[in-house]
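Here, each number is a calculation from the coordinates, and none is a lab measurement. Given the structure is predicted, the values throughout are model-derived calculations rather than measurements. Here the Cβ is made from the backbone with ideal geometry for all residues, glycine too, and neighbour counts use every protein chain on show.
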Amino acid sequence: MPSYHVKSFLRGIHLEDYKDETSRLPIQRFPFAPLLILPLKQNAGRAPKPIVRQGQEVARGQKIAEPDGEFSVALHAPESGVIKKIDLVPTISGQMEPGIYLQSYPGSTQEVLEGQPCDWQTATPEQIVNAIQEAGIVGLGGAAFPTHAKLIPPKNEPVDTLIINGAECEPYLTTDHRVMLEQTIDIMLGIRYLLKATGAGKAVIGVESNKPDAYAALCDAAKQEQNVVVEEVNAKYPQGAAKILIKALTGRETPSGAHTSAIGVIVCNIATTAEIGRLLPHGRGILERVITVGGPAINNKGNYRIPIGTPLRFVLETAGVTNSLSRVFLGGPMMGNAAPNLDISITKGVSGVIAFTEQEIPRTDKVYPCIHCGYCVDVCPLGLNPSMLGLLANVKQYQEMAEGYHLKDCFECGACSFVCPSHISLVQQFRVAKSMLKKLKAVQVEQSKDNNNQQHHKQSAA
Amino acid sequence: MKKIKILTIDSSPHIRSGASVDTIMRHVVYALLPVAAFAIYSFGLAAIAVLLTAVLSCVVTEHVLAKKFQQTSTVGDWSATITGLLYGLTLPAGLPLWMVFIGGVIGLSLGKFLFGGLGCNVFNPALVARAFLQAAFPTSLTTWLPAFADDRFTTLPSSTLTLPFLKPVYDGMSGATPLAAMKFNGQATDITDLLLGLTGGSLGETCSVIILLGGIYLIARNMMNWRIPIGIFISVIMLSAFFHWLEPDKYAGPLFMLFSGGLMLGAIFMATDMVASPITNLGCFIYGLLMGVLIVVIRYWSGLPEGVMYAILFMNAVSPHIDHFIQPVVFGKIAGAQKAKQEN
């Protein structure tokens, strides 16, 4: 049922989206790189434990690392090949982290090794959750939160609504858009799995109004389903943020600091849903993902299904870049991370590889003092006061930022920095403040432990 | 791929809207230029002399102080130019230039630099400058040359070039402003004259229409918070309509109140100074409402005919307190409080 009242949220920004460059290009397969670099920790939470040894031959699809506890997912070999080394690998943060180098067999047929299939009709919710963990599925929108972990809400918080996030509000990115058009059946199947696992009564798919073709395709497919509704939401940034999308679609407001399950909602990214529907019936793991390779510095822009672990250098060489390449972002330009070098690789959470030359980005070297123009307050989707937070960050009043001005609610969408006419790096300041608060808290815990110990000693001495 | 230089790394967001402080300031100057042009048209050479001196004094002071204390000159952000232009537009034609210069230096140094420069000033520096002159040279500040004098483009008034620290000598008759005529003689001025700027007064305050057009230009570019002038207009109209209805002879009506004196110039260009006004939209509206009340109170019941300057300066001081009390509603806080209540 099409709705004419487009659902939206307060404040936010309208961005030039540059999606036309790639949104009409179908998903293409990407060639296999000769050497894959697989960081073990590709998900939020704990890194999985490797279960292969150096020199071992692995088949495409074979599990090479096992989940280590609840907040961890499996990792599979994206290509048939030989484990060259288990060592430190370069990551997006600039630090070296434990990982696996996988050298592929050039002549291999790359047939996928499949595991235990999981059928949505016969499997119990626990089995589905387990299968999702074993398939190595994480949130493909960018956060890479283990999907299975959020499917088990606390007992006292029953879930009634499952929201499938097809907003894709970042500029340049069109992966979800293509997935919605080309994997509609997978999405519907994925929803069945998720509904069964969570026990939710209905699923609502939210699609931004700038993707009318995807909206129509999903509406068509949803007619076959009993409890799936497709809703159009306003094309405004950051519409795709979980709590913002819930508010737009259901009117429910997630309490500050709580999980979305507190209001009976679980949000799942649409590409993640499609992967669940594609992988679980065959018992496969995540081996590759759809990534938008775009931006002004890319010659052959497009949406590609790229194997996990493909080095960034290989991606850019294959797609072709202009000589004046100067910045590469993994994810969208608003919330993505800048690549420190080209030796890092594609991980599960990467939704886009966006490359810029020096010219496209307005230089923001000249930083003016805050002039209280209020632009940031006008756009903050959470109703924070970024101007005041920035001024407090300048004088390192981190405690006051957290207690008086709700720093911890900020999810770093970047709308405030985007509009700031003084070019103040507000989000960067907030990140510094958050990490400083974490450190301060750790120090306090440490001190209180010491104090307790000393008292203990005194008591025992007495 | 060999030609790849070093990658630039920065913190997200990696794209920016392209808005810039100097662009905003430059557009405010553009919006003020027609006002200045009309001032020159109605007051002639005297207006040119006063405006140039005012801008020059502010820009030079900013440049010298910034070089001295902040190492680099901050004249490039155009804020000193706005201050100078606004300050000049609040002065009467024929004011001795040495007074104009001293006022500009005081406004920029005490009104802006003492607080830490751009973004830190509590008071609007242009009005600090004018308030200083009002206190130091009250007679000169309230001696108005008649507008549209025949020789305005050929001769400078004798008072303009008075030597520093000498008492200016005014020749000819001086014109009363509509507000003074109303306050002291009970004489009302025609509203059309007020709208079109055919009356006497300070350089930039006479023609309400041009000022309003400048305001609309800035609002269309989202470079001004329209809630401030609207707030001022609402409270001025409501209060003056009430008192005018009570005693029409004693209190001027709402239209006269709106279009006479410095109200338009103050409401559109000075009260909306981003630095000295509240940051939230609701705060801005309250700020405007309160300022309108102050304007009416000063105009009706104080010894002064005009109250816009003091009303703005006073509200500048109140603005941080409005910001303290009026904060945007944080997402999830109300829901969080309700949840906590339920659990208890």
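Of note:
- Fluctuation leader among B:Leu290, B:Leu304, B:Leu86 - chain B, Gaussian network, Cα springs under 10 angstrom: B:Leu304
- Restricting the calculation to Cα atoms, every distinct pair contributes to the Kirkwood radius of region B:21-175, found to be 15.7 Å.
- For q = 0.17, 0.20 Å⁻¹, Debye-computed log10 I/I(0) when each Cα of region A:213-273 counts as one equal scatterer: -0.68, -0.91
- Of A:Lys63/A:Lys155; A:Lys155/A:Lys236; A:Lys150/A:Lys202; A:Lys366/B:Lys68; A:Lys301/A:Lys348; A:Lys150/A:Lys449, those spanning more than 24 Å from alpha-carbon to alpha-carbon: A:Lys63/A:Lys155; A:Lys155/A:Lys236; A:Lys150/A:Lys449
- Selected from A:Gly251, B:Leu32, A:Met401, residue furthest toward positive end of dipole (the protein assembly as shown; charges at beta carbon): A:Met401
- Diffusion constant of region B:180-326 at 10 °C, which comes from Stokes-Einstein with the Kirkwood Cα-pair radius and 1.306 mPa s, µm²/s: 103 µm²/s
- Amide H within-cut-off set for A:Ile13, under 5 Å, with H built and near neighbours excluded: A:Tyr237
- Positive-end extreme of charge dipole, the protein assembly as shown - chosen from B:Leu289, B:Met238, A:Val179 (charges on Cβ): A:Val179
- Column: log10 I(q)/I(0), Debye, Cα scatterers of chain B, q = 0.10, 0.14 Å⁻¹: -0.62, -1.13
- Secondary structure note: in the protein assembly as shown, about 60% of the DSSP beta bridges are antiparallel.
- Semi-axis lengths, Å, the protein assembly as shown, gyration tensor of Cα atoms, sqrt of 5 times eigenvalues: 63, 28, 26
- Label point distance in nm, B:Thr142-B:Leu196, each placed 7 Å from Cα along Cα→Cβ: 3.0 nm
- Ranking B:Leu52, B:Ala149, B:Ala136 by Cα position along the charge dipole of region B:21-175, where only Lys, Arg, Asp and Glu carry charges on their C-beta atoms, puts B:Ala136 farthest toward the positive end.
- Within chain A, helix-based [θ] at 222 nm, where runs of 4 or more DSSP H residues each add -39,500 (n - 2.57), nearest 500: -9000 deg cm²/dmol
- Mean separation of Cα contacts under 8 Å (6+ apart) over length of chain A, as relative contact order %: 18 percent
- Computed over chain B, the per-residue total of -39500 (n - 2.57) for DSSP H runs of n ≥ 4 gives a 222 nm mean residue ellipticity of -17500 deg cm²/dmol, rounded to 500.
- Taking the Cα centre of the protein assembly as shown as origin and assigning +1 to Lys and Arg Cβ atoms and -1 to Asp and Glu Cβ atoms, the resulting dipole is close to 1460 debye.
- For region A:196-206, Karplus couplings with θ = phi - 60° (6.51, -1.76, 1.60), whole Hz, Gly/Pro x: 5, 5, 8, x, 6, x, 8, 10, 10, 9, x
- Reported to the nearest whole Å, the Cα centre-to-centre distance from region B:275-344 to region A:184-241 is 44.
- Relative contact order [Cα under 8 Å, 6+ residues apart], region B:180-326, whole percent: 26 percent
- Antiparallel DSSP beta bridges within chain A, percent to nearest 5: 60 percent
- Sorted ascending by nearby beta carbons within 10 Å, beginning with the fewest, A:Phe9, B:Phe325 become B:Phe325, A:Phe9.
- In order along region B:9-25, the Karplus-derived 3J(HN,Hα) couplings, from 6.51 cos²θ - 1.76 cosθ + 1.60 at θ = phi - 60°, round to 10, 9, 8, 5, x, 8, 10, 10, 6, x, 5, 8, 4, 5, 5, 4, 4 Hz, and Gly and Pro are given as x.
- Cβ-derived FRET efficiency at R0 45 Å, B:Gln342 paired with A:Gln454, nearest 0.05: 0.60
- Long-range HN-HN contacts of A:Ile164 with modeled amide H, under 5 Å: A:Val204, A:Ile205, A:Gly206, A:Cys268
- Simple spin-label estimate for A:Thr357 and B:Phe69 in nanometres, 7 Å along Cα-Cβ: 4.5 nm
- Interchain or long-range residues, amide H under 5 Å from A:Ser345's placed H: A:Leu312
- Here the ratio of the Cα radius of gyration of region A:163-209 to 2.2 N^0.38 Å is 1.23.
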